[in-house]
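Working notes, beginning with the structure itself.
Derivation of every value follows stated rules applied to the coordinates shown; laboratory data play no part. Note that the structure is a prediction, hence the values are computed from the model and not measured. Quick reminder, even Gly has a Cβ in these numbers, built from the backbone with ideal geometry, and neighbours come from all protein chains shown.
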Amino acid sequence: MQKDIYDKIISFLQGASWAVVLFGALITFEIFSTFGIVLAIFLTIFFIFISLFLILLLDTFAVNRERLEEAKKQTKLLEELNLKN
């Protein structure tokens, strides 16, 4: 199955987002560990939560794109059936 440019961009952004979550959590923990372990853990979990929400948003874009493509296929089939009758 051939992917168009939109699907390639979404896939790349999803992969890059997972890298940002992993390295960002490590960097966040390292930066804030000087202020206390509890604060560092809290801010790291907060960072991960926000990042996962953004990944979910990207996944929603991909699902909506697939839904649109499927609706276009169904519309085309229904129009062909309507013309035959």
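Filter the range 1-31 down to residues that are surrounded by 11 or more Cβ atoms within 10 Å (Cβ to Cβ), under 30 Å from L68 (Cα atoms) and of a type in the set (S, T, N, Q), then give me how many there are.
3
Filter the range 40-70 down to residues that are touching a residue at least 12 places away in the same chain (Cβ under 8 Å) and not hydroxyl-bearing (S, T, Y), then give me how many there are.
So the first thing to find is which residues in the range 40-70 are touching a residue at least 12 places away in the same chain (Cβ under 8 Å), and the list is 40-41, 43-44, 47-48, 51-52, 54-55, 58-59, 61-62, 65.
Keeping just the survivors that are not hydroxyl-bearing (S, T, Y) gives 40-41, 43, 47-48, 52, 54-55, 58-59, 61-62, 65.
Total satisfying the criteria: 13.
Right, T34: more than 11 Å from the chain's Cα centre (by Cα) and either surrounded by 14 or more Cβ atoms within 10 Å (Cβ to Cβ) or of a type outside the set (V, I, T) (or both) or not? Outline the logic, then answer.
Values: more than 11 Å from the chain's Cα centre (by Cα): yes; either surrounded by 14 or more Cβ atoms within 10 Å (Cβ to Cβ) or of a type outside the set (V, I, T) (or both): no.
Considered against the rule, which asks whether it is more than 11 Å from the chain's Cα centre (by Cα) and either surrounded by 14 or more Cβ atoms within 10 Å (Cβ to Cβ) or of a type outside the set (V, I, T) (or both), T34 comes out as no.
Out of L39, L83, L78, L22, I need the residue that is in a helix (DSSP H, G or I), under 26 Å from the mean Cα position of the chain (by Cα) and aliphatic (A, V, I, L, M). Which one?
Details: L39 fails: under 26 Å from the mean Cα position of the chain (by Cα); L83 fails: under 26 Å from the mean Cα position of the chain (by Cα); L78 fails: under 26 Å from the mean Cα position of the chain (by Cα).
The match here is L22.
Which of the residues that make up the range 1-32 are of a type in the set (S, T, Y) and either under 17 Å from F49 (Cα atoms) or in contact with a strand residue (DSSP E or B) (Cβ under 7 Å, 6 or more places away or on another chain) (or both)?
Filtering the range 1-32 for residues of a type in the set (S, T, Y) gives 6, 11, 17, 28.
Across the range 1-32, the qualifying residues are S17, T28.
Among the residues of the range 37-60, which ones are touching a helix residue (DSSP H, G or I) at 6+ places or on another chain (Cβ under 6 Å) and surrounded by 13 or more Cβ atoms within 10 Å (Cβ to Cβ)?
Within the range 37-60, the subset touching a helix residue (DSSP H, G or I) at 6+ places or on another chain (Cβ under 6 Å) is 39-40, 43-44, 47-48, 51, 55, 58.
Hits for the range 37-60 are A40, L43, T44, F47, I48, S51, I55, L58.
Going through K3, K73 one at a time, which residue ends up being without any contact (Cβ under 8 Å) to a residue 60 or more places away in the chain and within 19 Å of the chain's Cα centre (by Cα)? Steps first, please.
Details: K73 fails: within 19 Å of the chain's Cα centre (by Cα).
Just a single option satisfies the conditions, and that option is K3.
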